[in-house]
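Before any comments, here is the structure.
The values are calculated or read from the model by the stated rules, or taken from the named source; none is laboratory data. Every value quoted in this text rests on a predicted model; they were computed, and no experiment measured them. The protein model used for the area step is the full one, side chains on, heavy atoms only, and it has no ligands, DNA or RNA in it. Shrake-Rupley method; radii C 1.70, N 1.55, O 1.52, S 1.80 Å.
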Amino acid sequence: MDMSETGALLATLHGQMRQDEPMARHVSWRAGGVARVFYQPASVPDLCTFLRTRPADEAILFVGLGSNLLVRDGGFDGTVVFTHHALGGIRQEGGSQLRPTFHVGAGVPAPHLARYVAKHGGAGGEWMCGVPGTIGGALAMNAGCYGGETWNHVIAAETVDRNGNVRLRQPTEYDVGYRHVTLKSSGEEWFISGVFVFERGEEAPAMKRMRKLLSQRVASQPLNQPNAGSVFRNPPGDFAARLIETCALKGVNIGGAQVSPKHANFIVNTGNATAADIESLVDLVQTTVRLRTGVELVREVRIIGKARA
């Protein structure tokens, strides 16, 4: 595509575009550098048009609530597409009498889906009230908690590629595992929506279970401080938090970043942490656990961008 064609497409966009956007505003750690280009689409067609304007070699990152992400202090030299408040909407699609289905936009926070399902005759999605991200992020990493996992409920997913082509994908087209989702065919695609199925249920018991799960979450996690949820995946047959606590790392800090005294698998921003502080503490925890226990913890959070020079 030549410059004139790109310019003509840019003129038709209806979303919000900004340069050098501070990503600390958009990630739950409230730290980190800027994104060179930031775009919040007005709709799926608008997103497709925007993607067609981007250079083929440009890095593109889709971000929902930024609850699993850290952008290094030197920034991200690419484009961030912000889906929250953009790719929204939930609608019930029917399904069978025993298993209702729901079409959900990638920008919808997972707890919103949990409540919507409960209020519309579904059950089995209550665990999603504990997921601090959007449906797009949940689809991308098979998010889970309290015994539930995203892809146990997915019957279809809608994606978009760099050329703005939208496809309807089936679960059999992905390799899905614990906090892992990979498209079997080649190519770069991002989730824009999903179709989910749940069991039939009643609102009152589902809401009661969500209140119980949220009480557990408040009691066990440092929700009053900026964090990114679980930093490491649980190794087979064990818990990352137990290993970290065994290594006496609770409360350890680097700069403004601290291993939460409340939950060892959470790293919190105590008020003035840089992305470098957080990443250094992640590395320290990972190294200490490996040297003392022989277990190599795998990061659940994504760290991108370049360090500040």
So for the chain, using the alpha carbon gyration tensor with a ≥ b ≥ c as root eigenvalues (a/c under 1.5 gives rounded; past that, a/b versus b/c decides prolate or oblate), I'd call it oblate
Based on the alpha-carbon gyration tensor of region 213-309 and its eigenvalue square roots a ≥ b ≥ c, which shape applies: rounded if a/c is under 1.5, prolate if not and a/b is larger than b/c, or oblate?
oblate
Please work out the Cα center distance from region 135-212 to region 34-91, rounded to the nearest Å.
19 Å
Over its Cα atoms, what ratio of radius of gyration to 2.2 N^0.38 Å does region 1-105 give?
1.28
The relative contact order of the chain, taking Cα pairs under 8 Å that sit 6 or more residues apart, comes to a percentage of 18 percent
For region 168-309, calculate the relative contact order in percent as a whole number, restricting contacts to Cα pairs under 8 Å that are 6 or more residues apart.
20 percent
Enter the accessible area per residue of region 242-293 (Å², integer; probe 1.4 Å; all protein chains in place).
43 Å²
Mean Kyte hydropathy of 0.0 or more with a Cα span along the axis of at least 15 Å, helices from DSSP in the chain:
275-293
In deg cm²/dmol and to the nearest 500, what is the mean residue ellipticity at 222 nm of the chain if only DSSP H runs of at least 4 residues count, each as -39500 (n - 2.57), divided by the residue total?
-7500 deg cm²/dmol
Working from the alpha-carbon coordinates of region 130-200, get Rg over Rh, Rh being the Kirkwood radius.
0.96
Tell me the carbon and sulfur percent of the accessible area for region 170-245, rounded to whole percent, probe radius 1.4 Å.
52 percent
Listed by chain and number, the aspartates and glutamates with an alpha carbon less than 15 angstrom from that of residue 250, same-chain partners under 8 positions apart left out, are 283
Spatial extent of region 100-222: Rg and Dmax, with the Cα atoms as the point set, Å:
14.7, 46
